[in-house]
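Here the structure is laid out as structure tokens; the discussion comes afterwards.
The values are calculated or read from the model by the stated rules, or taken from the named source; none is laboratory data. Everything quoted here is computed from the prediction, not taken from an experiment. Neighbour counts are summed over all protein chains in view; Cβ atoms, including those assigned to glycine, are modelled from backbone coordinates with ideal geometry. Side chains are part of the model used for accessible areas, which takes the heavy atoms of the whole protein and leaves out ligands, DNA and RNA. Shrake-Rupley method; radii C 1.70, N 1.55, O 1.52, S 1.80 Å.
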Amino acid sequence: MKKVVKFGGSSLASARQFKKVGDIIRADKSRRYVVPSAPGKRNDKDEKVTDLLYQCYDAASKGGAYKKILEKIKGRYEDIIEGLDLNLNLDHEFGKIEENFVAGAGREYAASRGEYLNGLVMSAYLGIEFIDAAEVIFFDEQGNLDGEFTNQELSERLSHVERAVIPGFYGADHQGRIHTFSRGGSDITGSLVAKAIHADMYENWTDVSGFLVADPRIVKNPEVIETITYKELRELAYMGASVLHEDAIFPVRKEGIPINIRNTNRPEDKGTLIVESTCRKPRYTITGIAGKKGFCSINIEKAMMNSEVGFGRKVLSVFEDYGISFEHMPSGIDTMTIYVHQSEFEEFEQSVIAGIHRAVSPDTVEMESDLALLAVVGRGMRATRGTAARVFSALAHARVNVKMIDQGSSEWNIIIGVKNDDFERAVKAIYDIFVMTEL
């Protein structure tokens, strides 16, 4: 059995956390390929190493004072090395980093050094081979992942290595220039490694015991989702639920490799298992609730709209002309409503409205701002009668006015539009009726 294990920044923030990680890896011999992040915060007042690297690079590349920040970064690694009692000296590495910072090697290079250095420490601590991600993770000239070439090179390299540490978050283009994924991108590296070695499991270790049914900032001590499908996860992640980087799903999904979200500080917890499909019956009718604030709606009304061929295309082409993507588009016989991110729309609102008038000559165009979208997701919904009725009964009881309802034919999710001010109350009401009453 082969497992890839990725550890987040909070799991590797100190020597004490490193020791927990070491115990986890040694407890299961199938945990053979390790993907570390850069050291995260040790406490609420601390700084992430990646943020310090950005600060240091910005100062050094502009000829400013950077030595104190660099010493602070060195101190973080020295504390970990001393705490682990390792015979490891990173002075040569820091010398190269300083030289490249002053020379203006780029912010992506700067950000990647946190994972690179932590990979060297992890390799020394576990006594296994270190593989620089720049040698096996490849980007094209536009800075996008070259997935096919990466899989070829990574598969070939790891086929000769029984155990290895591959730092997350970065790679290089074909000219050797360092590129990074977006923040949280170590998840993607772990997924690529899992695909390349045809892993039996991809374990993603963080500081929570899996995905939660609802946001803990809104619902106190929400239940953990035991098993979730990629499809459900995609819906929840899109609507703001964040434990795993969204792009980390695709490489393993294509290979049918399950992902297990685990808690470094509570390794006995089973966490959340993410799978392609499952016959396991969900614990609750719904799998999860997620949402975002900050939307606005543009309601277009025109008599006989339904008989006008190409009406929808013409309206959406106006939004496309201004680079605005739409989120949802519920419609009636003579009405069509477009939901967009308010921050993206405000700059162009009058131009878009004028464009809609020119394109389709509507009877009226009305806008409403400060809206939130809420997704209620779950594979159990399609087999349970009255799910939608329970949702809206709960919202009515909580005195939440529903602005929009959108349900796909798959019956796996219901999207609800409410005012920003009603968002938290709506989440609590739905959680209570589906989770608290089904416990």
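Hey, any hits in the stretch 112-132 for a residue that's in a loop (DSSP other than H, G, I, E, B), under 23 Å from Gly184 (Cβ atoms) and not aliphatic (A, V, I, L, M)?
yes
Kindly evaluate Lys19 against the criterion of being under 26 Å from Glu129 (Cβ atoms), without any contact (Cβ under 8 Å) to a residue 12 or more places away in the chain and open to solvent by 80 Å² or more (accessible area, probe 1.4 Å).
Judged against the criteria, Lys19 is not a match.
For Arg382, indicate whether it is surrounded by fewer than 18 Cβ atoms within 10 Å (Cβ to Cβ), over 19 Å from Ile300 (Cα atoms) and modelled with pLDDT of 95 or more.
Criteria not met by Arg382.
Taking interchain pairs and intrachain pairs at least six residues apart, which have beta carbon atoms under 9 angstrom, with the first residue in the stretch 155-182 and among the acidic types (Asp, Glu) and the second in a loop (DSSP other than H, G, I, E, B) and surrounded by 22 or more Cβ atoms within 10 Å (Cβ to Cβ)?
Going by the 9 Å Cβ cut-off, the qualifying pairs are Glu156/Val136.
Which is closer than 23 Å to Arg26 by Cβ and of a type in the set (S, T, N, Q), of Ser155, Ser159, Ser123?
Going through Ser155, Ser159, Ser123 in turn, just one is closer than 23 Å to Arg26 by Cβ and of a type in the set (S, T, N, Q): Ser123.
Under 30 Å from Arg31 (Cβ atoms) and of a type in the set (Lys, Arg): which single residue out of Lys270, Lys302, Lys314, Lys293 fits that description?
After ruling out the rest, the residue left standing is Lys270.
Within the stretch 405-439, track down each residue that is under 20 Å from Met329 (Cβ atoms) and modelled with pLDDT of 90 or more.
Listed by number, the residues that qualify are Ile414, Ile415, Ile416, Gly417, Val418, Lys419.
Which of the residues belonging to the stretch 130-169 are open to solvent by 10 Å² or more (accessible area, probe 1.4 Å), closer than 18 Å to Ala38 by Cα and not hydrophobic (A, V, I, L, M, F, W, C)?
Scanning the stretch 130-169 gives a single hit, Asp132.
Any residue in the stretch 417-439 that's under 16 Å from Gln342 (Cβ atoms): show its pairings with residues that are open to solvent by less than 60 Å² (accessible area, probe 1.4 Å) and part of a helix (DSSP H, G or I) at Cβ separation under 6 Å, as long as the two are six or more apart or on different chains.
Listed by first residue and then by second, the contacts come to Val418/Ala426.
Please determine, by comparing only the residues of the stretch 299-350 that are under 19 Å from Met239 (Cα atoms) and of a type in the set (Gly, Ala, Ser), which one is most open to solvent (accessible area, probe 1.4 Å).
Ser343
Could you tell me which residue of the stretch 200-216 is farthest from the chain's Cα centre (by Cα), considering only residues that are within 24 Å of Ser10 (Cβ to Cβ), open to solvent by 10 Å² or more (accessible area, probe 1.4 Å) and in contact (Cβ under 8 Å) with a residue 24 or more places away in the chain?
Met201
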